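Reading through the structure tokens given below for one structure.
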Amino acid sequence: MVAHQTDRPVIFVGSWGDYGKLFALQADRTKFEPLFFVPSEEIRKSGLLRILRGPATVFCYRRIIERQLARYPEGLFLFGERIEGLRYLARYRPRQAIAVVLRNPMVDQMALLEPLRAVMAAGFPVLSFDREDCDRYGFTFYPQYIAPVLPLPLPEPVVDFSFLGQDKGRRPVVEGLRDKLAEKGFTASIRFAGGHGKKCGFFAKLMRKDMKKGKLSYEGYLREILSARCVIDIVQKGQHGLTLRPLEAMLYGRKLLTNSRSVREERLFHPDNVFVLDESGSLEGIEAFMAAPLAQASEETKAYYSVDTLIETALSACEARRP
């Protein structure tokens, strides 16, 4: 890893979700100072959205970004997947340490491929947690990351298996698993949240459905899935990087049932902790798996899946691309 200054500002540009912000705030403060900046919110606060259109909005976005770049000349700027940011980087090529961090697999956002290629051509690294996307498109790999949010120890589980998430075509698989598990005498809590195919975030969909009875935050989501001894993780077709569920299971001492066969290559993998479904979806051996004691992840493994690793990876990638 590259050497870095003490307490270096790390500016997360764009919307990173409630959980992304919670994770980033737990960066090592002796090394990094995490900060958050959402250009669209700054434009909205100014009231200019009411009068600006087209090129004027682009100009305003540029001015707001450049003000932040000037404020933190030694900072590391981590841009999300917003098209406005990608276009700005490709066109104006600022000289600060800047990387783009993808939080979704490309299978979900192929429309961004050409803008991302333009960003890389401009000299900025693009980071992805999906190794196959990295191999296919020339991105830099970073490990999916997490940080503790709930206090430990957790309450004792009340069911054997749990799933909470969007449909994304996974409902038949998840419900089929629930029925097979029930035949073997296991209990499961299964819930699908939000609408289907709407362009908004996962937790925003959860909230729209549940806010009438109280907002379901990331902590609320965690408490629901961690009420089980084993978390169900079904990845969508075309995704090869880790979702957050394997990390949540590792961090909070739960087992994992997943169809992601690439999880075997991860540092967190342990056969007593992770049951990987084959292509037929067979649950042969699930009884012995659930009876086996949980193997605790090492502190080194937990540190590997931290926001500090993301930041260090971005710094190294920026250094490698310097002329």
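Would you be able to say whether some residue in region 110-124 is more than 18 Å from Arg91 (Cβ to Cβ), touching a Phe, Trp or Tyr at 6+ places or on another chain (Cβ under 9 Å), in contact (Cβ under 8 Å) with a residue 12 or more places away in the chain and surrounded by 19 or more Cβ atoms within 10 Å (Cβ to Cβ)?
no
With respect to Glu300, determine if the residue is assigned to a helix (DSSP H, G or I), more than 21 Å from Thr243 (Cβ to Cβ) and in contact (Cβ under 8 Å) with a residue 12 or more places away in the chain.
Details: assigned to a helix (DSSP H, G or I): yes; more than 21 Å from Thr243 (Cβ to Cβ): yes; in contact (Cβ under 8 Å) with a residue 12 or more places away in the chain: no.
Considered against the rule, which asks whether it is assigned to a helix (DSSP H, G or I), more than 21 Å from Thr243 (Cβ to Cβ) and in contact (Cβ under 8 Å) with a residue 12 or more places away in the chain, Glu300 comes out as no.
What number of residues within region 119-149 satisfy the criterion of being under 14 Å from Thr243 (Cα atoms), assigned to a loop (DSSP other than H, G, I, E, B) and not aliphatic (A, V, I, L, M)?
Residues in region 119-149 being under 14 Å from Thr243 (Cα atoms), assigned to a loop (DSSP other than H, G, I, E, B) and not aliphatic (A, V, I, L, M): 6 in total.
Pairs needed: first member in region 276-292, within 16 Å of Leu256 (Cβ to Cβ) and touching a residue at least 60 places away in the same chain (Cβ under 8 Å); second member anywhere, exposed (fewer than 12 other Cβ atoms within 10 Å of the Cβ) and among the small types (Gly, Ala, Ser); C-beta distance under 8 Å; at least 6 residues apart or different chains.
Gly281/Gly176
Tell me which residues, restricted to region 254-287, are part of a helix (DSSP H, G or I), under 18 Å from Gln144 (Cα atoms) and not β-branched (Val, Ile, Thr). Don't jump to the end; show me each part of the working.
Looking only at region 254-287, we keep the residues that are part of a helix (DSSP H, G or I), and these are 261-265, 286-287.
After this cut, where a residue has to be under 18 Å from Gln144 (Cα atoms) as well, the list is 261-265.
Passing the criteria: Arg261, Ser262, Arg264, Glu265.
Check Val107 against each of (1) in contact with a helix residue (DSSP H, G or I) (Cβ under 7 Å, 6 or more places away or on another chain); (2) closer than 27 Å to Leu242 by Cα; (3) at pLDDT below 95 and name the one condition it does not meet.
Looking at each condition in turn, Val107 falls short on (1).
How many residues are exposed (fewer than 15 other Cβ atoms within 10 Å of the Cβ) and in contact with a Lys or Arg (Cβ under 8 Å, 6 or more places away or on another chain) when one looks only at region 295-323?
The qualifying residues number 0.
Restricting to region 79-108, give me the number of residues that are touching a strand residue (DSSP E or B) at 6+ places or on another chain (Cβ under 6 Å) and in contact (Cβ under 8 Å) with a residue 40 or more places away in the chain.
Qualifying residue count, region 79-108: 6.
How many residues does region 235-253 hold that are within 26 Å of Leu152 (Cα to Cα) and either assigned to a loop (DSSP other than H, G, I, E, B) or not charged (D, E, K, R) (or both)? Walk me through it before giving the result.
First pass over region 235-253, keeping only residues within 26 Å of Leu152 (Cα to Cα): 242-253.
Checking the rest, the ones that are also either assigned to a loop (DSSP other than H, G, I, E, B) or not charged (D, E, K, R) (or both) come to 242-244, 246-247, 249-253.
Selection size over region 235-253: 10.
For a quick check of your reading of the model, give me the residue pairs whose first member lies in region 305-320 and is over 15 Å from Ala24 (Cα atoms), whose second is part of a loop (DSSP other than H, G, I, E, B), with beta-carbon atoms closer than 6 Å and at least 6 apart or on different chains.
Leu315/Val2; Leu315/His4; Ser316/Met1; Ser316/Val2; Ala317/Pro125; Glu319/Val2
Tell me yes or no: at least one residue of region 297-305 is closer than 30 Å to Gly185 by Cβ and at pLDDT 95 or above.
First pass over region 297-305, keeping only residues closer than 30 Å to Gly185 by Cβ: 297.
Okay, now just the ones that are also at pLDDT 95 or above, so 297.
There is at least one residue in region 297-305 that is closer than 30 Å to Gly185 by Cβ and at pLDDT 95 or above.
In region 179-208, how many are modelled with pLDDT of 95 or more, assigned to a helix (DSSP H, G or I) and not hydrophobic (A, V, I, L, M, F, W, C)?
Residues meeting the conditions: 3.
Which condition from (1) more than 27 Å from Glu183 (Cα to Cα); (2) among the hydroxyl-bearing types (Ser, Thr, Tyr); (3) at pLDDT below 95 is the one that Ser280 breaks?
(1)
The values are calculated or read from the model by the stated rules, or taken from the named source; none is laboratory data. Given the structure is predicted, the values throughout are model-derived calculations rather than measurements. Please note: Cβ atoms are built from the backbone with ideal geometry, for glycine as well, and neighbour counts cover all protein chains shown.
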